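We did not get these values from a lab; they are worked out from the coordinates using the rules stated. Not measured: the values here are computed from a predicted model. All Cβ positions, glycine included, derive from the backbone under ideal geometry; neighbour counts span all protein chains shown.
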Amino acid sequence: MVKLQEVTLSTWAIDRFAPLLGEDRLHQMKVFGEASAKRLAGRAFWHVNSTARGGGVAEILQSLLCYARGLGIDARWLVIEGTAPFFQLTKRLHHALHGAPGDGSPLGAAERATYEQVLAYNARAMLEQVRPGDVVLLHDPQTAGLAPALLQHGATVAWRCHVGADHTNADTELAWSFLQPYLRDVPATVFSRRAYIPAALDGRRAAVVAPSIDPFSAKNQRLDDSCVRAILVHIGLIEGPAGDAEPVYRAEDGSHARVTRKAEIVRSGRPPAWNTPLVVQVSRWDPLKDPVGVMRGFAAQLTGADPLDAHLVLAGPNVAAVTDDPEGAVVFQDSIAAWQQFPDRVRDRIHLVSLPMTDREENAAMVNALQRHAAVILQKSLREGFGLTVTEAMWKARPVIGSATGGIQDQIEDRVHGLLLDDPHDLPSYGAAIRRLLRDSALAARLGERARERARDELLTLRELTQYLEVVARIDPMEAR
Ligand code: UDP
């Protein structure tokens, strides 16, 4: 029995963006958004993905859809249900779209049968809610196979792919040949970068839309230093005292919420003190985020004639919580095993942090505090679709070191908005970049400021929402009339 989950959404006015975007730009977005709502005329604008929490897509939808509702659009969010074999094969597809082999498992007829069977169940449940004429934006490979049933039902369907590879190889070919049959009749596809549009799909129907962040969410809202400190002491990441402030943040419903849970932290030494510089990477426990490489490159900077006096924090979701990512637990265990191999003085300076996911906003507030407290933020991915963690760091005016891969390159111009690593496998260069930012505070501050400006001008939610509405305007037959 498949139970689709409909995520409850609030309705948020977009006016709060005025101080960030300026009255004129906001007015234009409002006029266009409200005109889109009028043309949709009560028809729903569905978004469908495979998890309500954890990872970049859920993060974006949570805010974007509430602002869409604020413009009068009947935006809705459905989360499909799947089995363990389904999520294993979609994870394999995810890696393959990045051009990586993942677990190397086959993507043949048996996997196709599993994929189609799970999505047929989901489609059946979905067709009870989606009406002909509704617009549906399917997100990522997990949902692509729903397109034929929805099109047949009379919905207007587009597919949004959040991952991609800068270069094609046998894995990307494999993934696209798996997905292509489901996308043949879809009138529009959306990619985060032009380089991600595959030859297998009709490029003329593809749009490029970069992801975005919500500056007012628990993840990105302003927190003053005393509050950052209170949160980080409370979760056990840094040593007390916490000071006078409470570990609180503003929840989406406007109330003051409190961080009550603690992080689970794998460490051997004491928590770092408030004034210990932290080098931080926040990400899912995924081999493409290279947690082991992050540790090894950092560890090399702790020895030698001039060791760094900083600690490394690798933080990610508690692996028990993220249902569509079966690989997380394995990668987390591998990270612990690699950490155990280091000598004591290195181990004492590396903290592996599992953040509780029970309350999405509480988790976001923890990430926010951690990112704001970081002396340097890393995203040393081997491959990366876009890299929202980079956007989040930029918005917080933190100096970032990111791999020159995928969307990280679109966000950071090297030495302007952060530092780019040409080769994420080159651990000495990565270590040198950390050293440079920790030692040159003027450079770190300058990069952080430029990063924040770019995030404000180009990477906030309303820009992405407007672009989706442009795609809808292009493909919706009712709008075209
Ligand atoms: N994230 C989070 N809690 C965690 C770990 C990650 O909220 O414990 C968020 C992170 O802040 C970012 C998103 O998950 O918003 C990850 O998006 P990104 O594009 O960086 O990578 P993806 O997971 O989509 O590959």
Semi-axis lengths (Å, descending) of the ellipsoid that matches the C-alpha gyration tensor of segment 206-364: 27, 22, 15
Within segment 400-472, GluC sites (Glu not before Pro) in DSSP loop having at most 16 other beta-carbon neighbours inside 10 Å: 413
Calculated FRET value between residue 84 and residue 129, using beta carbons and R₀ = 30 Å, to 0.05: 0.75
Summed side-chain charge close to residue 20 - residues other than residue 20 whose Cβ falls under 10 Å, Lys, Arg +1, Asp, Glu -1: +2
Antiparallel DSSP beta bridges within segment 241-326, as percent of all bridges there, nearest 5: 40
Whole-number D in µm² s⁻¹ for segment 229-305, Kirkwood Cα-pair radius fed into Stokes-Einstein, 20 °C, 1.002 mPa s: 142
Mean-position separation - Cα centroids, segment 240-282 and segment 157-220, in angstrom: 36
Neighbourhood charge, 14 Å Cβ-Cβ cut-off, centred on residue 294 and excluding it, Lys, Arg +1 and Asp, Glu -1: 0
Sites matching GluC sites (Glu not before Pro) across segment 74-149 that sit in DSSP coil, with at most 11 neighbouring C-beta atoms within 10 Å: 128
The chain: antiparallel DSSP beta bridges as a percent of all, rounded to 5: 15
Simple Cβ-charge dipole of segment 167-242, Lys/Arg +1 and Asp/Glu -1, about Cα centre, in debye nearest 20: 280
Total formal charge among the other residues, if their Cβ is under 15 angstrom from that of residue 424, Lys/Arg +1 and Asp/Glu -1: -4
Amide N proximity, segment 343-357 versus residue 334 label position 7 Å along Cα-to-Cβ, cut-off under 14 Å: none
Spin-label proximity, residue 244 to segment 204-237 - amide N less than 13 Å from point 7 Å beyond Cα toward beta carbon: 226-227
Exceeding the 25 Å Cα-Cα cut-off - candidates 91/396; 262/396; 289/396: 91/396
